[in-house]
Amino acid sequence: MERRKLLKLTAAAGVGAVVGPQILVRASLPVYAQGSTVKVGILHSLSGTLAISEVSLKDVELMAIEEINKAGGLLGKQIEPVIEDGASDWPNFAEKAKKLIEKDKVATVFGCWTSASRKAVLPVFEKLDHQLWYPVQYEGLECSKNIFYTGAAPNQQIEPAVTWLLKNKGKKMYLLGSDYVFPRTANAIIKSQLKKEGGTLVGEEYTPLGATEYNTIISKIKAAKPDSIFSTLNGDSNVAFYKQLKDAGITAKEIPVMAVSVAEDEMRGIGGKTALGHYAAWNYFQSVDTPANQAFVKKFKAKFGKDRVTDDPIEAAYIAVQLWAMAVKKAKSFDINKVRLAAYGLSLDAPEGRVTMNTNNHIFKTVRIGEILADGQFKVVYATPQPVKPEPWTPLIPTPFKGCDWTKGGNIKASLDSRDSSVALTLP
C-alpha cells in the first residue's frame, strides 16, 4: 500500500518534472508562436476610394502566403492571415492596426497604401514595438525601425522621373495632386528639384481624394501651357482626370502626364486608349522581361483570371511577404526584433529584378519609366542599369535627419530614438 502510494507520488512528480518545464517554456513564448499556426495581419482599403488599388494588394499577399504554406509553412507552422478593411479612412486604419496587434496577436502586418494611412498607423506600431511591411512608393522624409518599406523612396521614383521629364519633354511643369501628405510632400521635393535643375513651375493644384471634377483645372492647365504635368493624384480620381483630359482634346504629344500612382491595375478603370502615350514612373511593370516576372505574372493570372494584371505595388506587396518569410527562416524566430535584424542584407530575385534590404529598412530597386499603350500596358522607355540605393532623406528638403541605419540606432546625427523619427516637418 505504501509502495503503491509512493509510486503514485513518484509518477505525479515525474509528470510534473516533464510537463512543468514545457508549460513554463510555452508561457514564455509570444502568443503567435504557441500553436500550429502563426497569424499575420493584412490591412488594406477593401472599400472606399482606395479600394480600386488596394484590393489587389490583399489578393497577392494571400497568394504569397498560400505559396509559403504549400511549401511547408514557416518554422513548422502554417500562416493564418487575419484580414481587416481600413475602408479608405485613416483613423480606422489606426484602430484596425491596434486590434490586429493586441487582440489578434499577429506576428507581423502587411498593409496600407496612402501615406495618410501609413502616418495614421505608424504611432501604433512604434508604441507597441510591432512591425509593418508597407508596399507602396512614398514621399520619404521618414524612417522607422518598425516599418519595412518595399516600395520606392523619392530617389527611386519621383526625382528620376522629374529629371527625365526636364531632359526629354521641356522645362515648364504643372503639378496636380490629391490633397494629403504624399502629394504635398512629393511636390515640395519636385519644386526644390526644379530650382536645382533649371525647371519652371507654371501651376500647382490639389483636389480632395475621390474628386471627380477636373474641367476647371484642365482649363487652367491649357492656359498655363506646361511642357508636362506631374500627377500625384491617387485612387479613382485618376479615372475622371484622364477621361476629362482626353475630352478636352489634350493629347500626350501636346502635354504628357507623368504619374507616380497610376499603374496597370488603375489602367483597367482608366482605359489604355484614354491615357495613350502618357507616362508613369515605377520600379516594376508587368512587361518587365525576366524569368522571375514571367513566372509571377503566370501564377497571378492563373489564380485571379486572365483579365487581371500585375503592377508595381502588387509586386512590392508580394515580395514583402517573401522577404518576411526569408527573415523568419534566417532568424529561426517570429520575434519582431530578431526578424528585423535578420532582414538586413537579404536579397531576392524578385519579378522586378534583384532587390536587397538595406539597413535603413528600404530596398535597392531599379528605376523605370513606362509609356502607356492602348492595351493598358507600359512600354519601358527608361531604366537604370543597376538597382538604386534607397535614400529616404532627400537632400532636396533640408532636415536634421541624415542617417537612418537601424544597425546603428537609426537617425544618427539627430540622436533621437525611433519614436521621434517621423516628426512632422515644415515644408517649404
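The values are calculated or read from the model by the stated rules, or taken from the named source; none is laboratory data. On a predicted model such as this, the values are computed, not experimentally measured, just so you know. Quick reminder, even Gly has a Cβ in these numbers, built from the backbone with ideal geometry, and neighbours come from all protein chains shown. Surface accessibility is based on the protein's heavy atoms, side chains included, excluding ligands, DNA and RNA. Shrake-Rupley method; radii C 1.70, N 1.55, O 1.52, S 1.80 Å.
Treating the angle as unsigned and between 0 and 90°, give the value, to the nearest 10°, between the Cα long axis of helix 215-224 and the longest Cα principal axis of the chain. The angle comes out at about 60 degrees. Within the straight-line cut-off of under 26 Å between alpha carbons, the lysines reachable from residue 96 are 39, 58, 77, 105, 119, 127, 145, 338, sequence neighbours fewer than 8 places apart in one chain being disregarded.
For segment 120-194, the Kirkwood radius over C-alpha pairs fed into Stokes-Einstein at 4 °C and 1.567 mPa s yields D = 93 µm² per second. Between residue 304 and residue 129, the simple spin-label model (points 7 angstrom out along Cα→Cβ) gives 3.6 nm. Principal-axis analysis of the Cα atoms of the chain puts helix 2-28 at an angle of about 10° to the longest axis. Among the trypsin sites (Lys or Arg not before Pro) in segment 69-158, those located in a DSSP loop and surrounded by at most 12 other Cβ atoms within 10 Å of their own Cβ are 103.
Could you tell me the ratio Rg/Rh of segment 148-226? Both radii from Cα atoms, Rh via Kirkwood. Taking Rh as the inverse mean 1/r over Cα pairs, Rg/Rh reads 0.99.
Taking the accessible area of the chain, probe 1.4 Å, and keeping the other protein chains in place, the carbon and sulfur fraction comes to 55%.
Within the chain, the cysteines lacking any other cysteine Cβ closer than 4.7 Å to their own Cβ are 112. Scalar couplings 3J(HN,Hα) for segment 235-242, obtained by applying the Karplus form with A = 6.51, B = -1.76, C = 1.60 to θ = phi - 60°, are x, 6, 4, 4, 4, 5, 4, 5 Hz; x denotes Gly and Pro. The modelled label-to-label distance for the pair residue 273/residue 167, using points 7 Å beyond Cα in the direction of Cβ, is 3.5 nm. Using only alpha-carbon positions in the chain, the gyration tensor eigenvalues give semi-axes of 45, 23, 19 Å once each is multiplied by 5 and square-rooted (largest first).
Dividing the mean sequence gap of close Cα pairs (under 8 Å, 6+ apart) by how many residues the chain holds gives a relative contact order of 16 percent. Loop-located GluC sites (Glu not before Pro) across segment 230-302 with a Cβ neighbour count of 16 or fewer within 10 Å are 254, with loop assigned by DSSP.
Count charges around residue 372 for me, please; just the other residues with Cβ under 11 Å from its Cβ, Lys/Arg as +1, Asp/Glu as -1. That works out to -2.
Taken about its Cα centre, segment 159-228 carries a charge dipole of about 360 debye when Lys and Arg each add +1 at the Cβ and Asp and Glu each add -1 at the Cβ. The long axis of helix 312-331 is offset from the longest Cα principal axis of the chain by roughly 30 degrees. Only the Cβ atoms of Lys and Arg (+1) and of Asp and Glu (-1) were treated as charged; on that basis the dipole of the chain about its Cα centre amounts to roughly 1180 debye. Packing-based ranking of 336-342, 273-279, 309-315, 366-372 yields 309-315, 366-372, 273-279, 336-342, ordered from highest to lowest mean Cβ neighbour count within 10 Å. Pick out, from 258, 374, 149, the residue whose Cα sits farthest towards the positive end of the charge dipole of the chain, with +1 on the Cβ of Lys and Arg and -1 on the Cβ of Asp and Glu. Value: 149. The phi-based Karplus calculation (6.51 cos²θ - 1.76 cosθ + 1.60; θ = phi - 60°) puts the 3J(HN,Hα) values of segment 380-389 at 6, 10, 7, 8, 6, x, 9, x, 9, 5 Hz, whole numbers, x for Gly and Pro. In the context of the full set of protein chains, the chain has a per residue accessible area of 41 Å² (1.4 Å probe).
The coefficient of translational diffusion for segment 206-271, derived via Stokes-Einstein from the alpha carbon Kirkwood radius under 4 °C and 1.567 mPa s, stands at 107 µm²/s.
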